[in-house]
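Report on the following structure.
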Amino acid sequence: MTKKLLIIFLISHSIISAQTAPNLVATDLDGMSHNLYDYLDSGKTVLLDFFNVSCTPCQEATSHMDDFWQTYGPNGTNQLEVLSIEAYNNSNQTVEETINNWGVNNPVINLDNIPNAYIPYIDGYPHYIMVCPDRSMDSFRDFEFPETILKWEQSANNCNYGDNFTDIILFQPELTYCQGRVHAYLDIGNAGFNYIQGIEIDVFLDSTYYSTINWNGILTPGLTTNSPNSPVSSIEFENNNIFGSSIAFEVNANSDANLSNNNIAIDLTNEIITNNTNINIEI
């Protein structure tokens, strides 16, 4: 039964990916008009983000989607548009308050219902549809970190490079910094369709080259270096003599088609930085 269900899912996903995206014309909360086909005809890829103000995973995705928007939107490479669409009959005020609290910066459209042409493709929230300039689309639901981010990247890359490309992405490191000691856990994802081997991570201190970390495992498409199936559980950088205003990490792999997602710079001027730190107090 499991195998049959898996086959049905794969066939269904393939059919959705092969569909032609219906046009979408709507006005966002700032009064700006958006025409999906106009964006596509100009050569841009468009990510349609169908969300609901009461959807917790939608909120969890917000900061990651903003990073995606800043990298590929008008303030970045300007090759992609992100349109977030609330279609659950909420007032403009409710949606505006929600997106302000969530920190949404890309255009947001508030509709009373899912557009009729898109009803067959939306079966829950959040639901993402990546639309290529040729009007083909890739549809996927829910948000999981970092798998969904890899899917955004992979789907957008597929629009630009087809299904035979290499793309490596560096996620925001978990980093602690105090009194010159830096300890960072690095996670790198394969957002392409080719296996990647021989990854190098260059470290820069105040924009000056500092050192290189080598990772010799084989990274499977759709996985990260921290995935259970990867040969090394984590990549770490640790040094007790880091004194500067910023530290940056840059990943490198042969034939990387997309270099826009290879760099992360972290401000060290606040002296103490922690991400995802657990503190256990036992009495």
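The values are calculated or read from the model by the stated rules, or taken from the named source; none is laboratory data. Here the structure is a predicted model, which means the values were calculated and not measured. Reconstructed Cβ throughout: ideal geometry from the backbone, glycine too, with neighbour counts over all protein chains shown. When the accessible area is computed, the model is the full protein with side chains, heavy atoms only, and any ligands, DNA or RNA have been set aside. Shrake-Rupley method; radii C 1.70, N 1.55, O 1.52, S 1.80 Å.
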Applying the selection to segment 201-223, what residues are modelled with pLDDT under 95, open to solvent by 40 Å² or more (accessible area, probe 1.4 Å) and among the hydrophobic types (A, V, I, L, M, F, W, C)? ILE218, LEU223
Among (1) over 14 Å from the mean Cα position of the chain (by Cα); (2) in contact (Cβ under 8 Å) with a residue 60 or more places away in the chain, where does GLY103 come up short? (2)
In segment 119-131, residue farthest from the chain's Cα centre (by Cα) [restricted to those that are under 22 Å from GLN59 (Cβ atoms) and crowded, with 21+ Cβ neighbours inside 10 Å]: TYR125
Within segment 159-198, tally of residues that are assigned to a strand (DSSP E or B) and either touching a Ser or Thr at 6+ places or on another chain (Cβ under 8 Å) or closer than 24 Å to MET65 by Cβ (or both): 16
Only one of (1) at pLDDT below 90; (2) within 25 Å of GLN70 (Cα to Cα); (3) open to solvent by 30 Å² or more (accessible area, probe 1.4 Å) does not apply to SER245, and that is (1)
Can you run down the residue pairs with Cβ atoms below 8 Å, 6 or more apart or on separate chains, where the first is in segment 52-67 and farther than 16 Å from LEU150 by Cβ and the partner is surrounded by 17 or more Cβ atoms within 10 Å (Cβ to Cβ) and β-branched (Val, Ile, Thr)? VAL53/VAL95; VAL53/THR98; THR62/VAL104; ASP66/VAL104
Take GLY217 and decide whether it is touching a helix residue (DSSP H, G or I) at 6+ places or on another chain (Cβ under 7 Å) and either without any contact (Cβ under 8 Å) to a residue 12 or more places away in the chain or in a strand (DSSP E or B) (or both). no
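Anything in segment 133-154 that is among the hydroxyl-bearing types (Ser, Thr, Tyr) and under 16 Å from THR220 (Cα atoms)? List them, or say none.
Within segment 133-154, THR148 is the sole residue that qualifies.
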Could you tell me whether ARG135 is open to solvent by 10 Å² or more (accessible area, probe 1.4 Å), free of Cβ contacts under 8 Å to residues at least 24 places away in the same chain and not hydrophobic (A, V, I, L, M, F, W, C)? no
